Amino acid sequence: MSGISPFPVSKQPPLILVADDDKTIRVLLRKAMEQEGYRVVEVNDGKQCLDAYETIKPDIVLLDAVMPVMDGFTCCKHLLQIARNNLRSALETFDTNSTLNNTVISKIWERTPILMITCLDDEDSVNRAFDAGATDYVTKPIHWPVLRQRLRRLLQQGQVYKQLEAANQALQHLANVDGLTELANRRRFDDYLNTQWINLAQKGSPLSMILCDIDYFKFYNDKYGHPSGDICLQKVGAVLNLKAQKHQDLVARYGGEEFAVIMPDTPASGAIHIAAAIQAGIKDLQIVHDGSVVSQYVTLSMGVATVVPTWESSPSDLIVRADKALYQAKAGGRDRFVSSF
């Protein structure tokens, strides 16, 4: 990590939400915050603070403890609950809607720092503030240099968390995505297949797979060179990604010139429909392939398989079926798909 910039990665100055029923204090806080280059939104009580928080998503909350309608302690608890609810929601969708599975990590870092500013300085009030979820605590009358330093520290911590999240996302991308085609790699394929096998075994729903192989690709590389071969792989991968119709379908580079499509909740008829669409899409590319003995253009052989996962079977059973169907497609003359149910 090269360093911490003064403002978050969003390129906009930090947004401060100030909740205090004393207008004079709000004016002083706004003036002090704007002198530091921050943006400021003011509210009068805890209820307004919750409403504003959901709308503007501030970088930090400055919260008075004693306010009408809803006090700062109660508001702080609600803000903490919002963060917990967001994390719980992310956990419920973990590994189903996100290829890189960064949603949970994002939600972990999402909690906004809360700095309580209040005239209450007794031990019970301080303990109550931290128990409610406050990140830090400053007493009135405000010591402005102290407030500025604590704000900077909290904002820098938030920046560190965001940079950690960005670094994690980059690592996840490297770990799960094929660098050439930008499709899922073999590791991601294995993880996703195992996850969907368990999900669909519980539901009793079908799981389909298509294994694809570019016909005579070695001859293509020999004739046109590996750089052209790489471009061919990218174009073929893009067609597969386009034709996989549902958001939960996963297209992966299975290895070399082989690709795979995992299709949860897809019956055999749906898988055959996708295979036919892929075959047509590849032909539409019209990538010249003089080294092929079945066509003047690049073509695919595909094996299609569908099973209903059970606890007694395993994901490898589906792979074996699709692989056998692929072998039959090649043995039958290539440039075709064969289904195995």
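The values are calculated or read from the model by the stated rules, or taken from the named source; none is laboratory data. The model shown is predicted, which means the values in this text are computed figures rather than measured ones. Cβ sites come from the backbone with ideal geometry, for glycine too, and all protein chains shown count toward neighbours.
Listing for the model above:
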{"quantity": "Any hit, the range 41-54, residues being more than 28 Å from the chain's Cα centre (by Cα) and among the basic types (Lys, Arg)", "calculated": "yes"}
{"quantity": "Any pair with Cβ under 7 angstrom, 6 or more apart, that starts in the range 66-83 at a residue that is not assigned by TED's automatic domain parsing to the domain that holds residue 112 and ends at one that is acidic (Asp, Glu)", "calculated": "none"}
{"quantity": "Checklist (1) within 19 Å of the chain's Cα centre (by Cα); (2) of a type outside the set (Asp, Glu); (3) crowded, with 18+ Cβ neighbours inside 10 Å applied to residue 210, failing item", "calculated": "(1)"}
{"quantity": "Residue that is nearest to residue 270 (Cα to Cα) [pool: residues in the range 296-341 that are assigned to a loop (DSSP other than H, G, I, E, B) and among the hydrophobic types (A, V, I, L, M, F, W, C)]", "calculated": "341"}
{"quantity": "The listed residue being of a type outside the set (Asp, Glu), in a strand (DSSP E or B), buried (at least 16 other Cβ atoms within 10 Å of the Cβ) and over 20 Å from the mean Cα position of the chain (by Cα), out of 260, 252, 275", "calculated": "260"}
{"quantity": "Candidate set from the range 121-161 (those that are within 15 Å of residue 64 (Cβ to Cβ) and of a type in the set (Lys, Arg)); member that is surrounded by the most Cβ atoms within 10 Å (Cβ to Cβ)", "calculated": "128"}
{"quantity": "Helices (runs of 4 or more DSSP H) lying entirely in the range 1-115 (those with 1 or more residues that are at pLDDT 90 or above, in contact with a helix residue (DSSP H, G or I) (Cβ under 9 Å, 6 or more places away or on another chain) and surrounded by 14 or more Cβ atoms within 10 Å (Cβ to Cβ))", "calculated": "23-35, 46-56, 72-92"}
{"quantity": "Some residue of the range 235-243 being in a loop (DSSP other than H, G, I, E, B), free of Cβ contacts under 8 Å to residues at least 40 places away in the same chain and among the charged types (D, E, K, R)", "calculated": "no"}
{"quantity": "Lone unmet requirement of (1) surrounded by fewer than 21 Cβ atoms within 10 Å (Cβ to Cβ); (2) among the aliphatic types (A, V, I, L, M); (3) over 20 Å from residue 186 (Cβ atoms) for residue 298", "calculated": "(1)"}
{"quantity": "The lone exception for residue 213 - which of (1) at pLDDT 95 or above; (2) outside the structural domain of residue 323 (by TED's automatic domain parsing); (3) of a type in the set (Asp, Glu) it fails", "calculated": "(2)"}
{"quantity": "Residue in the range 217-230 that is surrounded by 20 or more Cβ atoms within 10 Å (Cβ to Cβ) and closer than 24 Å to residue 174 by Cα present", "calculated": "no"}
{"quantity": "Where residue 141 falls short, out of the listed (1) over 27 Å from residue 305 (Cα atoms); (2) in a helix (DSSP H, G or I)", "calculated": "(2)"}
{"quantity": "Any pair with Cβ under 9 angstrom, 6 or more apart, that starts in the range 265-279 at a residue that is without any contact (Cβ under 8 Å) to a residue 60 or more places away in the chain and farther than 18 Å from residue 193 by Cα and ends at one that is of a type in the set (S, T, N, Q) and surrounded by fewer than 19 Cβ atoms within 10 Å (Cβ to Cβ)", "calculated": "273/245; 277/245"}
{"quantity": "Search result, residues across the range 177-192 that are in contact (Cβ under 8 Å) with a residue 24 or more places away in the chain and assigned to a loop (DSSP other than H, G, I, E, B)", "calculated": "178, 180, 181, 182, 183, 185"}
